[in-house]
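Report on the structure given below.
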Amino acid sequence: MNPPRTDARRHHDPDVRGFASDNYAGAHPEVLAALAVANGGHQVAYGEDAYTENLQQVIRSHFGPTAEAFPVFNGTGANVVALQAVTDRWGAVICAESAHINVDEGGAPERVGGIKLLTVPTPDGKLTPELIDRQAYGWDDEHRAMPQVVSIAQATELGTVYTPDEIRAICEHAHAHGMKVHVDGSRLANAAATLDVPLRTFTNAAGVDLLSLGGTKNGALFGEAVVVLNPDGIRHLKHLRKLSMQLASKMRFVSVQLEALLARDLWLRNARHANEMAQRLAEGVRAVHGVEILHPVQANAVFARLPHDVSERLQKRFRFYFWDEAAGDVRWMCAFDTTEDDVDMFVAALKEEMAR
Ligand SMILES: Cc1ncc(COP(=O)(O)O)c(C=O)c1O
């Protein structure tokens with residue numbers, strides 16, 4: 001059989017990058033190469049393939065011998081599957097008001113997972129035992145959804161990072177109340193790069209029970225995994241994954257991407273680079289009079305407040321989003337492929353627009 005003619009079409013300029021999202025980036029070439037290696041021949045579908053088996057070993061090398069990965073398509077799916085595995089029908093999840101599960105998942109935890117979210121306002125996207133206590137009560141009250149899980153994001157949606165001690169304190173507090181701890185680790189790699197410690201230091205070693213492990217923002221084409229760290233009381237995950245439409249038939253192609261990131265240091269190289277670009281951006285922005293940086297820049301995001309008309313003009317030159325349009329707050333994200341030139345050109349454009 002002749003191979004099909006490849007009629008490669010490019011519909012975009014591969015040299016144009018913005019600061020809208022780390023999801024705007026393409027896939028890392030090493031991930032694409034790994035996908036090509038995994039291609040060809042037949043492999044058992046639905047996760048019984050050699051790539052998924054190998055991924056388990058890689059996951060255990062990071063998170064220890066009890067860890068088990070359940071690859072899924074996307075981060076919302078990972079969160080919804082993970083949270084269902086640790087809640088009863090009457091259960092609730094305590095999270096920050098700014099949590100992705102609360103503001104950016106279209107209600108999927110509630111509608112698809114049937115989970116009540118109990119939210120807490122935070123200054124910087126981070127929960128503390130004291131903040132958790134604003135919602136952690138009433139376990140015996142049938143009029144209230146029962147708090148069964150604390151979900152935190154590492155790094156947070158506001159670009160801040162928990163220290164291992166902060167996560168340990170949350171886990172001790174949650175466990176003392178019989179609650180599990182879930183980490184939305186869509187940007188877990190960025191947090192590890194900032195903390196400069198192994199992934200397990202601020203996850204299982206700190207008491208985290210299960211996590212949503214990100215791949216997409218870290219250089220994958222697509223794909224994340226629910227990782228069970230402490231299997232006690234976590235049941236039926238594979239059934240929940242299927243029920244939640246997150247079971248990939250050709251799972252080898254999700255697994256091989258995560259393996260390509262995590263088996264050696266690609267995950268860390270990509271995250272470090274994105275974080276460094278955010279630091280460079282923050283440094284440049286700090287020198288521009290009239291622009292205020294809103295949160296500590298601890299991962300790959302810079303949040304800033306600037307005049308609305310300046311943002312609108314700048315958006316015509318580089319893509320980025322308003323975070324709170326009324327307040328004039330914007331979010332600038334760096335990715336694994338953001339270059340120093342991208343950052344410098346952006347800062348120069350910001351200066352020009354501020355001066356107009
Ligand atoms: C904190 C956080 N969690 C999860 C996700 C994953 O979302 P998605 O379903 O788009 O992969 C994102 C993506 O923006 C995120 O920022």
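Laboratory data are not the source of any read-out in this text; all were calculated from the coordinates shown. Source: prediction; values computed, not measured. Quick reminder, even Gly has a Cβ in these numbers, built from the backbone with ideal geometry, and neighbours come from all protein chains shown.
Full extension of the chain segment joining residue 128 with residue 32 gains 30.6 nm, where the gain is 0.36 nm per residue of separation less the Cα-Cα distance.
What is the calculated FRET efficiency for residue 57 to residue 89, with r their C-beta to C-beta distance and R₀ = 45 Å, to the nearest 0.05?
Numbers: r = 35 Å, r/R0 = 0.78.
Rounded to the nearest 0.05, the efficiency is 0.80.
Computed from backbone phi, the HN-Hα couplings of the range 75-91 come to x, 4, x, 4, 5, 5, 5, 4, 5, 5, 6, 10, 10, 7, 4, 9, x Hz, rounded to whole numbers (Karplus: 6.51 cos²θ - 1.76 cosθ + 1.60, θ = phi - 60°; Gly and Pro given as x). For the pair the range 341-355 and the range 17-74, the centres of their Cα atoms are 36 angstrom apart.
Between residue 13 and residue 140, residue separation times 0.36 nm minus the direct Cα-Cα distance comes to 39.9 nm.
Rounding to the nearest 20 debye, state how big the charge dipole of the range 74-223 is about its Cα centre with +1 on each Lys and Arg Cβ and -1 on each Asp and Glu Cβ.
On the way: 11 positive and 18 negative charges, 77 e Å.
In debye, rounded to 20, the range 74-223 gives about 380.
Spacing of the modelled spin labels on residue 308 and residue 165, each 7 Å from Cα toward Cβ, amounts to 4.3 nm. Checking every one of the trypsin sites (Lys or Arg not before Pro) in the range 5-89 against DSSP loop status and a limit of 14 other Cβ atoms within 10 Å picks out 5, 9, 10, 89. Between the residues 339, 46, 155, the greatest Cα displacement towards the positive end of the dipole of the chain, with unit charges on the Cβ of Lys, Arg, Asp and Glu, is found for 46. Compute the Cα gyration tensor for the chain, then decide on rounded, prolate or oblate, letting a ≥ b ≥ c be the square roots of its eigenvalues: rounded whenever a/c is under 1.5, prolate when a/b is larger than b/c in the other cases, and oblate in all that remain. Verdict is oblate for the chain. Fully extending the segment from residue 316 to residue 264, taken as 0.36 nm per residue of separation minus the present Cα-Cα distance, adds 14.8 nm.
With θ taken as phi - 60° and the Karplus curve 6.51 cos²θ - 1.76 cosθ + 1.60 applied, the whole-hertz 3J(HN,Hα) list for the range 119-128 is 9, 10, x, 9, x, 9, x, 9, 7, 9 Hz, x standing for glycine and proline.
Of all trypsin sites (Lys or Arg not before Pro) in the range 288-335, which ones are in loop regions per DSSP and have a Cβ with at most 14 other Cβ atoms within 10 Å?
Details: sites: 305, 313, 316, 317, 319, 331; in loops: 316, 317, 319.
Listed in order of number, the matching sites are 316, 317, 319.
Please give the charge dipole size of the range 190-305, origin at the Cα centre, charges +1 on K and R Cβ atoms and -1 on D and E Cβ atoms. Round to the nearest 20 debye. Before the final figure, lay out each step's value.
Working: 14 positive and 9 negative charges, 92 e Å.
Rounded to the nearest 20 debye, it is 440 debye.
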